[in-house]
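The values are calculated or read from the model by the stated rules, or taken from the named source; none is laboratory data. Note that the structure is predicted; figures quoted are calculated from it, not measured. We place every Cβ from the backbone using ideal geometry, glycine too, and count neighbours over all the protein chains shown. Accessible surface is based on the protein model in full, side chains and every heavy atom, while ligands, DNA and RNA are left aside. Shrake-Rupley method; radii C 1.70, N 1.55, O 1.52, S 1.80 Å.
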Amino acid sequence: MKLAFSTLGVPGLPLTDVLGLATTHGYHGVELRAHPEEPVHPGLGPDERAAVAAQFRAAGVEPLGLAGYARVAAPGDDEPVLAEIRGLLDLARDLGAPYVRVFPGGGTEQSAEEADATAARRLGTAAEYAAERGVSILLETHDSHRTGADAMRVLGPVGHLRAGALWDVMHTWLGGEQPSETYAALAPHLGYVQVKDIASAEDTTPLALGAGVLPLTEVVDVLSRHGWDGWLCWEYEKRWYEAAAPLPELLGTGREHLARLLTDAA
């Protein structure tokens, strides 16, 4: 498996420094938080996009994906959501990134059936656009669709090769789903896996990998047992937890921890 980290852990850090961290600590890729407050976002012009792609190539680091904030199950009109996704897909194509992350984002004013149908309709439409650009859209296990079973209520009806899943191990754990259950649900659609660690269900402040309660060993064991050879991406939520330790000082030991898990599971 290849290893990456998300720029959510280094908010606002210039891309040159991000890529330097990746090469220094042996990460193969970087997931880019595609928000206007970050250096890389859909508002970049053609020359800026070309420069970003060139920086990745020069560093020998892969742009794993764009972590967008479109909410495919959210109440309201389809077009604003689809326009946001199209912007992310265009940027991913220009950077050479294979994936775009979207959230479910179902609202409390909807029934579960409404949220599922809305998300499936939008993903089905967006997947056609994604296919034209050679990019895949990944629905993250998150918020209203926290587990693999929840995500499959959307992805099953979509049935498109360019619409897949992003497994966030914290959310499936918080949803009470075992890693073996999540993998069984998502396996046909799994793009990549976001790993992280926290102290408890009540305290989700990010910790160093292996320092908390999330079942990372079990996740890696399940993936290895089934011969899955995709990406593990460390999503360290420093942007939302200012008091958390700086990610750069944890990247080396984090990579070592993941390498040990992979070796033990082999």
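Each residue of the range 160-171 was assigned a 3J(HN,Hα) from its phi angle through the Karplus expression (A = 6.51, B = -1.76, C = 1.60, θ = phi - 60°), giving 10, 5, 8, 10, x, 10, 10, 8, 8, 5, 5, 6 Hz with x at Gly and Pro. Taken over the C-alpha atoms, the range 1-118 has Rg and Dmax values of 15.8, 48 angstrom. Taking the DSSP beta bridges with both ends in the chain, the antiparallel portion is around 5 percent.
For the chain, the orientation-averaged shadow of the C-alpha convex hull comes to 13.0 nm² (one quarter of the hull surface).
One Cα centroid belongs to the range 150-178, the other to the range 91-118; the line between them spans 11 Å.
Positive-end ranking of Trp234, His142, Ala58 along the dipole of the chain, with charges on Cβ about the Cα centre, is headed by Ala58. Using the Cα gyration tensor of the range 124-266, with a ≥ b ≥ c the square roots of its eigenvalues, what is the shape: rounded (a/c below 1.5), prolate (a/b larger than b/c) or oblate (neither)? Because a/c hits 1.5 or more and a/b exceeds b/c, the range 124-266 counts as prolate.
With N counted as the residues of the range 202-265, its alpha-carbon radius of gyration over 2.2 N^0.38 Å works out to 1.19. Note that the chain presents 40 Å² accessible area per residue, ligands and nucleic acids not counted, probe 1.4 Å. Across the accessible surface of the range 1-155, with the other protein chains kept in place and a 1.4 Å probe, carbon and sulfur atoms take up 53 percent.
A protection proxy built from the mean count of other Cβ atoms within 10 Å ranks the segments 56-62, 21-27, 86-92, most packed first, as 86-92, 21-27, 56-62. If R0 equals 45 Å, the separation of the Cβ atoms of Arg133 and Asp264 corresponds to a calculated FRET efficiency of about 0.70. In the chain, helical runs assigned H by DSSP with n ≥ 4 each contribute -39500 (n - 2.57); averaged across all residues and rounded to the nearest 500, the mean residue ellipticity at 222 nm is -13500 deg cm²/dmol.
In sequence order, the range 194-207 has phi-based couplings of 9, 9, 5, 8, 9, 6, 6, 5, 8, 10, 9, 4, x, 10 Hz under the Karplus curve 6.51 cos²θ - 1.76 cosθ + 1.60, θ = phi - 60°, and Gly or Pro positions carry x.
Protein heavy-atom surface of the range 210-265, 1.4 angstrom probe: 48% of the accessible area is carbon and sulfur, with nucleic acids and ligands not counted.
Dipole of the chain computed with +1 at Lys/Arg Cβ and -1 at Asp/Glu Cβ about the Cα centre; of His189, Val158, Pro46, farthest Cα towards the positive end is Pro46.
Could you give the Stokes-Einstein D for the range 56-181 in µm² per second, using the C-alpha Kirkwood radius, 20 °C, 1.002 mPa s? D = 147 µm²/s.
Taking amide H as placed 1.01 Å from N in the peptide plane, Trp234 has its amide H under 5 Å from the amide H of Ala4, Phe5, Ser6, Val195, each at least 5 places away in sequence or on another chain.
Here the range 24-77 is treated as a Stokes sphere of Kirkwood radius computed over C-alpha pairs; at 25 °C and 0.890 mPa s its diffusion coefficient rounds to 191 µm²/s. Assuming charge only on the beta carbon of Lys and Arg (+1) and of Asp and Glu (-1), the dipole of the range 162-228 about its Cα centre is about 320 debye to the nearest 20. Across the alpha-carbon atoms of the range 71-134, the computed radius of gyration and Dmax are 12.2, 38 angstrom. The range 4-51 and the range 194-258 have Cα centres separated by 19 Å. Working note: Debye formula, equal point scatterers on the alpha-carbon atoms of the range 135-205, no solvent; log10 I(q)/I(0) at q = 0.15, 0.17, 0.23 Å⁻¹ is -0.44, -0.55, -0.94.
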